[in-house]
Amino acid sequence: QVQLVESGGGLVQAGGSLRLSCAASGRTFSSYAMGWFRQAPGKEREFVAAIRRSGITTYYADSVKGRFIIFRDNAKNTVYLQMNSLKPEDTAVYYCAATSGSYYNIRYQDDYDYWGQGTQVTVSS
């Protein structure tokens with residue numbers, strides 16, 4: 001199985017930026033589509049962004065489109081989430097996830113097979 005470890009979370013003021021990283025174990029990272037999800041206290045986990053195996057095609061939730069960028073470096077077995085123009089409503093635990101399925105909806109969390117432990121992002125006003 002693939003192990004995923006997120007890092008880069010922290011406390012930042014509104015309007016600031018953070019870059020989250022998700023490092024994957026193994027040598028088959030390029031076989032997985034990758035996604036970022038987040039969960040705020042008392043709320044359901046929601047889709048944030050995703051990237052196909054090739055790294056060419058990306059997807060974003062409407063709430064982060066134009067502010068966040070997902071990209072990957074398959075040589076480093078790492079996927080990133082660059083978070084710009086952060087807002088207090090972005091406060092949540094952010095999780096990275098991986099799927100190796102041949103047929104899946106990249107926005108559906110149930111279609112992901114592996115999950116990281118999460119990293120806390122707190123945006124103050």
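Toward the positive end of the charge dipole of the chain, with +1 on the Cβ of Lys and Arg and -1 on the Cβ of Asp and Glu, the farthest Cα among A40, S21, I106 is that of S21. Between A97, S30, V123, the Cα set farthest toward the positive side of the dipole of the chain (charges on each charged residue's Cβ, about the Cα centre) is that of S30. For the range 1-85, the set of GluC sites (Glu not before Pro) satisfying both a DSSP loop assignment and a count of at most 11 other C-beta atoms within 10 Å is given as E44. Nonpolar atom fraction for the chain, defined as the carbon and sulfur part of the 1.4 Å probe accessible area, stands at 45 percent. Remark: the N74-R107 segment gains 9.8 nm on full extension, using 0.36 nm per residue and subtracting the alpha carbon distance. Net charge dipole, the chain: roughly 320 debye, given to the nearest 20, about the Cα centre with Cβ charges of +1 for Lys and Arg and -1 for Asp and Glu.
Note that the chain presents 53 Å² accessible area per residue, ligands and nucleic acids not counted, probe 1.4 Å.
Please report, in cubic angstrom per residue, the volume enclosed by the convex hull of the alpha-carbon atoms of the chain.
Numbers: hull volume 11.8 nm³, N = 125.
Output value, Cα hull per residue: 95 Å³.
The values are calculated or read from the model by the stated rules, or taken from the named source; none is laboratory data. None of the values given here were measured: they were computed from a predicted structure. All Cβ positions, glycine included, derive from the backbone under ideal geometry; neighbour counts span all protein chains shown. Just so you know, the surface numbers come from the protein's heavy atoms only, side chains and all, with ligands and any DNA or RNA stripped out. Shrake-Rupley method; radii C 1.70, N 1.55, O 1.52, S 1.80 Å.
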